[in-house]
Amino acid sequence: RVRRQIHNIVREELLARPGRLLLTGHSLGGCQATLCAYDMSRWVLPTVKRQMISLHAYNRAQLDSLQISCYTFGSPRVGGPSFAHAFKQVVPDAQRVVCDGDVITSGPPVYWGYYHVHHENIIDFTGTIRVEPSLIEKELSLKKRNNPRSHKINSYVDVVKKSFSPHVSEEGLLGLLKKKYGLKEE
């Protein structure tokens, strides 16, 4: 019932203002964002596209702008190999941000059948970002994933701020993000 209500609200919003749907979350919220991105890409986006076409209420640019992005922070593994493969097919713009040393991002174990679904981006305490680091990079230059403090949302805020610029205030960073995604300044 709640899922249906969310689908209806998102569908109405995308019909009124076609564009990119961005799903994000930290920790368990990252898992939920991943599952929601998959669900929206399978059920909501196709419905919106069909409805726009049937009503002739679109131009090509609006139809092309209907996309889903999923960016998670400190998310554990979500599903098995079949889910990971299916997710990558329907949500190609997905990024997983990991604070170096975050213990939560290493579970549940692969031997239980769980896999990550996004491209991995590890940010260390200096703000350096390693995109899809190799096993050698992980072993030689990154921390072991055994630090619960690295999982705190404040740790993520700090390293993301440092990765943009160590001299930008929170308000400045928020302004940069709003400008980047075309949001109005309040």
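Just to be sure I understand the filter: pairs with C-beta atoms under 9 Å, separated by 6 or more residues or on different chains, first member in segment 143-158 and farther than 13 Å from THR105 by Cβ, second member among the polar types (S, T, N, Q). Which pairs pass?
That search, which allows pairs on different chains as well, returns ARG149/SER155; ILE153/SER27.
Quick one: ALA61 ticks every box in (1) open to solvent by 40 Å² or more (accessible area, probe 1.4 Å); (2) closer than 30 Å to SER155 by Cα except a single one, so which number is it?
(2)
Under 6 Å between Cβ atoms, which residue pairs at least 6 apart in sequence (or on different chains) link something in segment 94-118 that is more than 13 Å from LYS144 (Cβ to Cβ) and in contact (Cβ under 8 Å) with a residue 12 or more places away in the chain with a partner that is open to solvent by less than 30 Å² (accessible area, probe 1.4 Å) and of a type in the set (Asp, Glu)?
Final answer for the pair search is ARG96/GLU120.
Looking at segment 99-112 only, could you name the residues that are hydroxyl-bearing (Ser, Thr, Tyr) and open to solvent by 30 Å² or more (accessible area, probe 1.4 Å)? So that I can check it myself, show each step before the final result.
We begin by selecting, within segment 99-112, every residue hydroxyl-bearing (Ser, Thr, Tyr); these are 105-106, 111.
Scanning segment 99-112 gives SER106, TYR111.
Filter segment 106-156 down to residues that are part of a loop (DSSP other than H, G, I, E, B), hydrophobic (A, V, I, L, M, F, W, C) and in contact with a Cys (Cβ under 9 Å, 6 or more places away or on another chain), then give me how many there are. Let's see the steps before the verdict.
At the first step, the residues of segment 106-156 found to be part of a loop (DSSP other than H, G, I, E, B) are 107-109, 113-114, 116-118, 124-128, 132-134, 142-146, 152.
Of the ones still in play, those that are also hydrophobic (A, V, I, L, M, F, W, C) are 117, 125, 142.
Okay, now just the ones that are also in contact with a Cys (Cβ under 9 Å, 6 or more places away or on another chain), so 117, 125.
Number of matching residues: 2.
From the list VAL110, VAL91, exactly one residue is within 15 Å of the chain's Cα centre (by Cα) and among the hydrophobic types (A, V, I, L, M, F, W, C). Which is it?
Numbers: VAL110 fails: within 15 Å of the chain's Cα centre (by Cα).
Result: VAL91 is the single residue among VAL110, VAL91 that is within 15 Å of the chain's Cα centre (by Cα) and among the hydrophobic types (A, V, I, L, M, F, W, C).
It is to be established whether one or more residues within segment 34-50 are closer than 28 Å to ASN146 by Cβ and either open to solvent by 50 Å² or more (accessible area, probe 1.4 Å) or assigned to a helix (DSSP H, G or I) (or both).
Kept after step one, since they are closer than 28 Å to ASN146 by Cβ, are these residues of segment 34-50: 34-35.
Checking which are either open to solvent by 50 Å² or more (accessible area, probe 1.4 Å) or assigned to a helix (DSSP H, G or I) (or both) leaves us with 34-35.
Yes.
Going by what's in this entry, would TYR115 be described as open to solvent by 30 Å² or more (accessible area, probe 1.4 Å) and either touching a strand residue (DSSP E or B) at 6+ places or on another chain (Cβ under 8 Å) or on the phi > 0 side of the Ramachandran plot (or both)? Walk me through it before giving the result.
Values: open to solvent by 30 Å² or more (accessible area, probe 1.4 Å): yes; either touching a strand residue (DSSP E or B) at 6+ places or on another chain (Cβ under 8 Å) or on the phi > 0 side of the Ramachandran plot (or both): yes.
Considered against the rule, which asks whether it is open to solvent by 30 Å² or more (accessible area, probe 1.4 Å) and either touching a strand residue (DSSP E or B) at 6+ places or on another chain (Cβ under 8 Å) or on the phi > 0 side of the Ramachandran plot (or both), TYR115 comes out as yes.
From the residues in segment 72-89 that are open to solvent by 50 Å² or more (accessible area, probe 1.4 Å) and in contact (Cβ under 8 Å) with a residue 12 or more places away in the chain, which one is nearest to TYR38 (Cα to Cα)? Explain how you work it out, then say what you get.
Step one: of segment 72-89, the residues open to solvent by 50 Å² or more (accessible area, probe 1.4 Å) are 73, 81-82, 85, 88-89.
Then keep just the ones that are in contact (Cβ under 8 Å) with a residue 12 or more places away in the chain; that gives 73, 81, 88.
Numbers: PHE73: 17, PRO81: 14, LYS88: 9 Å.
Looking at the filtered set, the residue picked out is LYS88.
Out of the residues in segment 54-105 that are assigned to a loop (DSSP other than H, G, I, E, B) and hydrophobic (A, V, I, L, M, F, W, C), state the one that is modelled with the highest pLDDT.
Per the stated criteria, the residue is VAL91.
Out of (1) open to solvent by less than 20 Å² (accessible area, probe 1.4 Å); (2) over 18 Å from CYS36 (Cβ atoms); (3) in contact with a Gly (Cβ under 8 Å, 6 or more places away or on another chain), what's the single condition that is false for LYS144?
(1)
The values are calculated or read from the model by the stated rules, or taken from the named source; none is laboratory data. Remember, predicted model here, so these are calculated numbers, not experimental data. Neighbour counts are summed over all protein chains in view; Cβ atoms, including those assigned to glycine, are modelled from backbone coordinates with ideal geometry. In case anyone asks, the SASA skips ligands and DNA or RNA and just uses the protein heavy atoms, side chains included. Shrake-Rupley method; radii C 1.70, N 1.55, O 1.52, S 1.80 Å.
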